[in-house]
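Working notes, beginning with the structure itself.
The values are calculated or read from the model by the stated rules, or taken from the named source; none is laboratory data. Everything numeric here is computed off the predicted structure, so don't read it as measured data. With ideal geometry, Cβ positions are generated from the backbone for all residues, glycine too; neighbour counts draw on all protein chains shown. Surface accessibility is based on the protein's heavy atoms, side chains included, excluding ligands, DNA and RNA. Shrake-Rupley method; radii C 1.70, N 1.55, O 1.52, S 1.80 Å.
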Amino acid sequence: MGIALSMDVATWPRAWCGPAAPGTSSPSQHAERQALIPGARPSRPGSRLVTQLGLSGLAVSGLCRRSRKTRIARRAEPEGEFVQGTSIFADAEKDPFPAGTSPLDLLPNMDFTEEEKKKQEPSEPAMVLEVRGDLVVVRAGKGLFTQDSPGTIACTDSGADAVLLAWKEDIAILQLLAGEAEPGDEARRVEEKFLQTKCSKELRGRILDPQGRSLDGLPMPEEVEMRNVFVIPKPKQVRSNQYRALFTGVQGIDFDVPIGRGQTMLFQGTDPEKDRKYLWPDLLASKPVMGSQKELFVNVVVCRTLDEAEELQSELKARGCWENCTIFVPISDDPASRMIAINAAAAFAEYFGEEGGEGVVLCDFEAMHDVWNVLAELAGQERAARGLLMDPKEEQWVQMQGTAGDLMALEGVATRSMSPPRISADGRPSPDRCLERWLVVWLHGMDHGFISPEELETMQRRLNRRVVFMVPLNPKEWNGLHFNWGCAFTREQNKKELGFVNGFLHDEFLTTFAATIANVAQWYKAERTVAMGYSMGGFGAFQLGCRAPDTFDAVVSVAGYGLGTNSKDAPQPYSGRVFWNFLEYEATAMAKIPVVLAIHARNDRLSSFGDVDHIISTVDDRARKDGESCVAKLVTMPTWMANSDNPRKRKRKSNHGYFNCTFMDDYSNQYLWNELQQLLDENTQGQGDWQPHHQSRKRKKRWHDESRWSSHDENHFGTHQEWDGKGSMTLLGWLWEQDGSLQYRLRKAYEMKLEQIEEISRISDEIRAKLVAKVKADAAADGISFDGEPDETALKPNPNIPGVPNWEIEELKSISDGHIILRPPEGDVWEWRVDPYRSLPRLGTDALHPALISADSPKLRLKMMQGKDRANILHDTIGAAETLDDKPGVELQFIELLLHQPASQLFSIDEEVARIVLASDADCTRLREVEGDLKRRETLTGLAKELLQTDAGRQAMAEIKDLGFVTPPTLDLLNQEVATFR
């Protein structure tokens, strides 16, 4: 559950009173609390809750009103008015918006105990709102509410049985299984009954329906295991980090975008019918080449119709791989039935993974997209009926951005909307683990920098925890003092923005602020309490950690600083003395906190990297000296990312813009969220009932004892890890882009730029005209014309246009383990044609076959990427020499031959190694003399076979068979042999 708490400390009066005890928000108690505040302005009951500390807007509406111009209507109850959302002073039993229904309820969809369900169920029954064919739309209520997981069987007053597919906010969509439902029916779960499918090793080589029943006329095995179709997603914490290569025989994939067993990879195809017919059989022919029980594997595919399944069955039989494949066919061609079939296929493959084998699921995600569009539309109608209004422009961009992040959490991270298939089989998550709340106190930066509910939701998804967000505002001027959180200073002291040097830490403020946080943590029984902030917020996080270390389990400071500085930009030696006093008398107190994490860029011009390094060093040294369990760590942000928030800024860059890559986008997992979770898991112990966090802890093993800070090297190649004895389930999802959606998205982006140019003040008409001309020239280069009106039919949802909008595919790419983009074939023969420059492999060498690693495949790929950048500028085809090694430059046109491959013509690992060695030789005249890419590809294949017939080639094949890789001496022999091919 993610509950946003907005706290306006700017209204705090002259007294810093202690926190009030939790209570209800009835009008009488509201008036009593307000009367306790000296000088507080009067307010009507039910508007903004005001406590002794001036806490205001402790509801989601407080955030929504400050962003997006959103208005949330209030519901009246007999006890008084409530603001939508959840307040620390709201009585849980009387709160009309229980967990699971507020807009920022970020609780993952995990299983609840019956007792927990009864506590959280509302009093009004769940009701059928609408019936669309076999789809039933239900509003959450007593009997069926948001914490019921997908796959739950429900019944209605009319006698219909249906299966729950997904939630959005408090609207559910169900698929009818039997009977008919009517609007107005009450809906209720059938206790302990879930949609299930049959699983067995003997069901390989079969065609089944989503419940595991035979569609091929063959008898069912005597012994089968029943498993829920909608399985519980596994969070990252319980998934194995030891990946193995899923070798496909498609060199464009194996070399450029390798797939690891246990991953979720998104394919963006070019033609749905031809891709399914010609390319899918190649992926279904894959076999485990290392690590697992090689005889225990299954490749599962979801076909749309039985005819399509039988045609695919014939093709797989012809290839000799049918006995290890299983096909699932939905009971009908509607999207909801296909969605159920996909989940059934995932559950079937998961069965093999949990037995120590390997399962692969091949499907298209368009069914998920179609179901979600219906659900999003209905949830929007319900939202509008409640009075939540949005600006039309913003509503349009919300549609453009899509809701694919709620559609599928492709890495196994559950969202409130639906439970996606699990990815691996290494243990089950504990529902209690995800129900236990974390309290995250977010401290904004300078100028009251706003954080939106969407950004908080992104943070919760990255944490994959039940999160309560407390979002206070920095105090405004009080008694002539200005504040940078707890650092107080006068206007005179803040000349040249040196308040953090000339000011002081306000004891009363920080003590009261920390007490309020502790009160909130106790009220929510938070398992962990984390203070984090960016820039000035990072400074504030350090302040809280210094003054109230017993309150926090972790302090996270990003781009932060301390009191005083060693920087030469501040007056020295005075500011240096202030800083050293801060280290000695304040920062050492943070040694009592289990985790102190700082993230900083070395080239940051606004806050000193050296200062933060000294702070972390001081905390670490004191922890060692006192035997505390604190782990203090400084993570270094790469210099090239330091200005990633404003990459096109032409003025002198501050290198202080790395908020998004630290908190929001995919890089944030690497630099922040994974680090934070692992450090907390290793260095603190979970507590059942809430207890104060200052209990004594035994010192545990340090994280990177040898260094107090770590730098992530983007050129680092991971090493291959041995099999850990666990199986996996790999999900290969396909999508096809809707025609016109990319052009529509680009046009809207350029239109926004033009509008921004028109709003720029203090520039001449001549300069404005030049800016407009530049934007239109860039648009023309992307094929965008501003003549006429845009094609509005490209704006999804539009069932008349096949495919998925570009913006939804882009969002799915961001949460998958990687994505593979295919280009249309050049000739009449359908082929694999991987786009290496737009595809993204997230695992790198962890997913590469060891033989390809030993043939320097990772270096060759990087040389290709760098050579392409160079070629775009210098207009040649030769990469730079001595890139990553002392070898000459590569020939791009040779390397790109590896990315083309006719369908059904798969390569062995021996052939792929030989082709890589040949393509790495820029002076191979036997390739250069051949004209035409098609003939060159044929020549490369012939040369690879010729190379393998040499003594060096036979030696390489023997090593691959015995060792799994090619030794350096043998690789040298192969290169010497290739030299003779010139």
Taking the stretch 525-551 and the residues there that are in a loop (DSSP other than H, G, I, E, B) and over 26 Å from the mean Cα position of the chain (by Cα), the one that is surrounded by the most Cβ atoms within 10 Å (Cβ to Cβ) would be A548
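Okay, residues lined up against (1) open to solvent by 10 Å² or more (accessible area, probe 1.4 Å); (2) farther than 24 Å from K496 by Cβ; (3) modelled with pLDDT of 90 or more:
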{"position": "G562", "(1), (2), (3)": "no, no, yes"}
{"position": "N566", "(1), (2), (3)": "yes, no, no"}
{"position": "P571", "(1), (2), (3)": "yes, no, no"}
{"position": "A587", "(1), (2), (3)": "no, yes, yes"}
{"position": "M590", "(1), (2), (3)": "no, yes, yes"}
{"position": "K625", "(1), (2), (3)": "yes, yes, no"}
{"position": "T636", "(1), (2), (3)": "no, yes, no"}
{"position": "N646", "(1), (2), (3)": "yes, no, no"}
{"position": "K653", "(1), (2), (3)": "yes, no, no"}
The condition of being on the phi < 0 side of the Ramachandran plot, open to solvent by less than 10 Å² (accessible area, probe 1.4 Å) and among the acidic types (D, E) holds, among D620, D604, D613, only for D620
Is the stretch 964-982 home to any residue that is in a helix (DSSP H, G or I), open to solvent by 30 Å² or more (accessible area, probe 1.4 Å), of a type in the set (G, A, S) and at pLDDT below 90?
-> yes
Note on the stretch 177-199: residues open to solvent by 10 Å² or more (accessible area, probe 1.4 Å) and either among the β-branched types (V, I, T) or under 24 Å from Q313 (Cα atoms) (or both) are V190, K198
May I ask you to list pairs of residues, at least six apart or on different chains, whose Cβ atoms are under 6 Å apart, with the first in the stretch 561-583 being within 18 Å of M446 (Cβ to Cβ) and the second being outside any loop (DSSP other than H, G, I, E, B) and of a type in the set (S, T, N, Q)?
-> G564/S575; T565/S575
Can T270 be described as open to solvent by 40 Å² or more (accessible area, probe 1.4 Å) and under 23 Å from G252 (Cβ atoms)?
-> yes
Among the residues of the stretch 147-182, how many are farther than 20 Å from H369 by Cα and assigned to a loop (DSSP other than H, G, I, E, B)?
-> 10
Hey, any hits in the stretch 272-290 for a residue that's modelled with pLDDT of 90 or more, in contact with a Pro (Cβ under 6 Å, 6 or more places away or on another chain) and either assigned to a strand (DSSP E or B) or not hydrophobic (A, V, I, L, M, F, W, C) (or both)?
-> no
Say whether the condition of being acidic (D, E), modelled with pLDDT of 85 or more, under 35 Å from the mean Cα position of the chain (by Cα) and loosely packed, with under 11 Cβ neighbours inside 10 Å is met by at least one residue in the stretch 742-758.
-> yes
Please state which one of K726, K700 is in a loop (DSSP other than H, G, I, E, B) and at pLDDT 55 or above.
-> K726
Give the residues of the stretch 453-471 that are farther than 12 Å from D665 by Cα and touching a Ser or Thr at 6+ places or on another chain (Cβ under 8 Å), sorted by residue number.
-> P453, V471
Test: L597 is among the aliphatic types (A, V, I, L, M) and farther than 25 Å from P472 by Cα | no
State which residue is most open to solvent (accessible area, probe 1.4 Å) when the search covers only the stretch 487-501 and only residues that are part of a helix (DSSP H, G or I) and in contact (Cβ under 8 Å) with a residue 60 or more places away in the chain.
-> F500
Those residues that are part of a helix (DSSP H, G or I) and more than 21 Å from Q670 (Cβ to Cβ), I need them from the stretch 803-852; list them, please.
-> N806, W807, E808, I809, P850, A851, L852
Output the qualifying pairs, or none if there are none: Cβ atoms under 6 angstrom, residues six or more apart or on different chains, first residue in the stretch 321-340 and part of a strand (DSSP E or B), second residue of a type outside the set (A, V, I, L, M, F, W, C).
-> C325/N299; T326/R204; T326/R206
Which numbered condition A922 misses (of (1) under 21 Å from R861 (Cα atoms); (2) in contact with a Phe, Trp or Tyr (Cβ under 9 Å, 6 or more places away or on another chain); (3) in a helix (DSSP H, G or I); (4) open to solvent by 10 Å² or more (accessible area, probe 1.4 Å)) | (3)
What pairs can you find where one residue is in the stretch 150-167 and closer than 14 Å to L129 by Cα, the other is open to solvent by less than 10 Å² (accessible area, probe 1.4 Å) and outside any loop (DSSP other than H, G, I, E, B), and their Cβ atoms are less than 7 Å apart, with a gap of 6+ or different chains?
-> T156/V128; T156/A187
With (1) assigned to a helix (DSSP H, G or I); (2) modelled with pLDDT of 90 or more as the list, and R461 as the residue in question, which single condition is left unmet?
-> (2)
What tally of residues in the stretch 207-254 results from selecting those that are hydrophobic (A, V, I, L, M, F, W, C), crowded, with 19+ Cβ neighbours inside 10 Å, modelled with pLDDT of 90 or more and touching a Ser or Thr at 6+ places or on another chain (Cβ under 7 Å)?
-> 3
Take the stretch 819-855 and flag every residue that is farther than 19 Å from D364 by Cα and among the polar types (S, T, N, Q).
-> T845, S854
Going through the stretch 616-635 in order, the residues found to be more than 20 Å from W580 (Cβ to Cβ) and within 28 Å of the chain's Cα centre (by Cα) are V631, K633, V635
